[in-house]
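The values are calculated or read from the model by the stated rules, or taken from the named source; none is laboratory data. This structure is a prediction, so every number in the text was calculated from the model and none was measured. Don't worry about glycine lacking a Cβ; one is built from the backbone with ideal geometry, like all the others, and counts go over all protein chains shown.
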């Protein structure tokens, strides 16, 4: 058993301990309220924590299987998220072939390039080649009705759910001092600081939040975001031992990833409001669908990847 495998096991156990603490906190708050009273915020918080138990187990198992397991996990997440996203977009029969290419050619190729560590390809494949190819395929069908809207929404779906998300397993391609084995731990670091920061932002925002960031769009508050980012930085500092960043570097990277992710969540909220839906789907209890769950990671992953590659990778 390698040192990295041992660290993954400890991280998974540590995540479960954190979830025990979060669950205990929720139960304490629940016990203090009137037996007949209903607190929607607390119940949503508890449902999210309960869902996280399963997600931590899945991510932990994927990491134990190594690079292939993590890549397959996020490829599946991208497929499900792309399906959710495109379900709420404008489409015509003329787009059927381009949609099939998006799901069964573009998406698998993007993750194949990531698995093969072909950074030059997965960095430009969707923003350049898919961006140019798919509109041509739709245009050849001869339907110009709402063409720009149809094409733009497909491009947005691919960028958000495939291109950006693929940067999470792409972290495993980075090398630090010639040792690439431990790069898989960066996946755990990114997911933990972003998602736990989100969870704590939700909790504090509903408990002490007063000033909304975007009234009418999202219940996020400046107080909640501040507490969430600070919490993510503290968690990042505590996880610095699995990164090449050092304590202060880990705190800084966690803070950047967290705040970018939270504002990414705001962008996704704007899209949902425009589409007139609360959640992209109801696949994950208390957290909607894959797009709802990945919204923060979507925006944080490319920024985190490129900062890490520029400042720390060999």
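Could you grab me the full set of residues in the stretch 78-98 that are assigned to a helix (DSSP H, G or I) and in contact with a helix residue (DSSP H, G or I) (Cβ under 7 Å, 6 or more places away or on another chain)?
Residues satisfying the conditions are 78, 79, 80, 81, 82, 84, 85, 86, 94, 95, 97, 98.
If you go through the stretch 84-108 one residue at a time, how many are closer than 24 Å to residue 191 by Cα and surrounded by fewer than 18 Cβ atoms within 10 Å (Cβ to Cβ)?
1
List the number of the failed condition for residue 281; all other conditions in (1) at pLDDT below 85; (2) not in a loop (DSSP other than H, G, I, E, B) hold.
(2)
Applying the selection to the stretch 68-83, what residues are surrounded by fewer than 20 Cβ atoms within 10 Å (Cβ to Cβ) and either touching a strand residue (DSSP E or B) at 6+ places or on another chain (Cβ under 9 Å) or under 19 Å from residue 174 (Cβ atoms) (or both)?
If the condition is that a residue be surrounded by fewer than 20 Cβ atoms within 10 Å (Cβ to Cβ) and either touching a strand residue (DSSP E or B) at 6+ places or on another chain (Cβ under 9 Å) or under 19 Å from residue 174 (Cβ atoms) (or both), then 68, 69, 73 are the ones that fit.
Being in contact with a helix residue (DSSP H, G or I) (Cβ under 6 Å, 6 or more places away or on another chain), more than 30 Å from residue 69 (Cβ to Cβ) and at pLDDT 90 or above: is that true of residue 135 here?
In short, yes.
Just to verify a result, which residue in the stretch 171-183, among those that are in a helix (DSSP H, G or I) and at pLDDT 90 or above, is farthest from the chain's Cα centre (by Cα)?
Looking at residues that are in a helix (DSSP H, G or I) and at pLDDT 90 or above, I get 173.
Results for (1) without any contact (Cβ under 8 Å) to a residue 60 or more places away in the chain; (2) surrounded by 11 or more Cβ atoms within 10 Å (Cβ to Cβ); (3) assigned to a helix (DSSP H, G or I), shown as yes or no for each residue.
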position	(1), (2), (3)
16	yes, yes, yes
22	no, yes, yes
29	yes, yes, yes
34	yes, no, no
38	yes, no, no
48	no, yes, yes
51	no, yes, yes
54	yes, yes, yes
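Just to be sure, is residue 130 within 25 Å of the chain's Cα centre (by Cα), farther than 27 Å from residue 306 by Cβ and assigned to a helix (DSSP H, G or I)?
Here the answer is no, as residue 130 does not meet what is asked.
To keep it simple, each residue is scored yes or no on (1) under 24 Å from residue 275 (Cβ atoms); (2) surrounded by 17 or more Cβ atoms within 10 Å (Cβ to Cβ).
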position: 141; (1), (2): no, no
position: 146; (1), (2): yes, no
position: 155; (1), (2): yes, yes
position: 163; (1), (2): yes, yes
position: 174; (1), (2): no, yes
position: 200; (1), (2): no, yes
position: 251; (1), (2): no, yes
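Go through the stretch 199-233 and count every residue that is more than 18 Å from the chain's Cα centre (by Cα), in a helix (DSSP H, G or I) and at pLDDT 80 or above.
Final tally of qualifying residues: 9.
Please count how many residues of the stretch 99-127 are more than 16 Å from residue 161 (Cα to Cα), touching a residue at least 40 places away in the same chain (Cβ under 8 Å) and part of a helix (DSSP H, G or I).
Number of matching residues: 2.
If you check residue 12 against the conditions, is it more than 20 Å from residue 205 (Cα to Cα), part of a helix (DSSP H, G or I) and touching a helix residue (DSSP H, G or I) at 6+ places or on another chain (Cβ under 9 Å)?
yes
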